[in-house]
1. When the accessible area of segment 1-55 is computed with all protein chains present and a 1.4 Å probe, what percentage of it is carbon and sulfur?
2. May I ask you to give the solvent-accessible area per residue for segment 31-96, in square angstrom, as obtained with a 1.4 angstrom probe?
3. Using only the alpha-carbon atoms, how far is helix 45-57 inclined from the longest principal axis of the chain? Give it as 0 to 90 degrees, nearest 10.
4. Springs between alpha-carbon pairs under 10 angstrom, Gaussian network model over the chain: which of ILE23, ILE61, ILE86 fluctuates most?
5. DSSP loop GluC sites (Glu not before Pro) in segment 23-112 with at most 11 other Cβ atoms within 10 Å of their Cβ, which ones?
6. Could you tell me what percent of the accessible area of segment 73-112 is made up of carbon and sulfur, with a 1.4 Å probe and every protein chain present?
7. Report the residue, chosen from ALA25, ALA58, ALA14, that carries the largest GNM mean-square fluctuation when the chain is represented by alpha-carbon nodes joined by springs under 10 Å.
8. Over the Cα atoms of segment 38-112, each weighted equally, I'd like the Debye log10 I(q)/I(0) at q = 0.14, 0.28 Å⁻¹, rounded to two decimals.
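The values are calculated or read from the model by the stated rules, or taken from the named source; none is laboratory data. Predicted model only: the values in this text are computed from it and were never measured. Cβ sites come from the backbone with ideal geometry, for glycine too, and all protein chains shown count toward neighbours. Protein only, heavy atoms only, side chains kept; ligands, DNA and RNA dropped before computing areas. Shrake-Rupley method; radii C 1.70, N 1.55, O 1.52, S 1.80 Å.
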Amino acid sequence: MAIESHRLDTTFAALSDPTRRAILARLTLGEATVSELMQPFALSQPTISKHLKVLESAGLIETDRDAQRRPRRLKAETMKDIADWIEPFRMLWERRFDNLDRHLASKMQKEK
């Protein structure tokens with residue numbers, strides 16, 4: 001499935017920030033509130049909230065409403081879309097490295 005260019009740009013822009021990547025890594029463990037997400041950072045609540053808005057706009061996380069709590073959770077399907085987009089590049093480089101391995105093994109065999 002092809003991902004539209006704007007969505008891809010938005011997603012990669014969201015992933016470009018180390019704080020947002022750390023937030024996503026934390027959310028792989030399960031949902032969390034803003035106060036739980038801000039604990040490992042020396043950042044204010046408004047700053048963390050801005051990061052969360054960027055991640056939500058990119059479709060990487062979603063907000064749930066649980067009474068007074070508003071936990072965030074990872075949207076795995078968006079991450080899968082990115083992985084699917086990257087897969088052809090991974091396969092290309094894997095083939096190239098396999099070819100290089102074969103070439104080097106052949107050279108080593110000839111030198112013996």
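1. 58
2. 66
3. 60
4. Of ILE23, ILE61, ILE86, the most mobile in the Gaussian network model is ILE86.
5. When the GluC sites (Glu not before Pro) of segment 23-112 are filtered for loop state and at most 11 Cβ neighbours within 10 Å, nothing remains.
6. That fraction is 61 percent.
7. Fluctuation is largest for ALA25.
8. Those come out to -0.67, -1.19, one per q.
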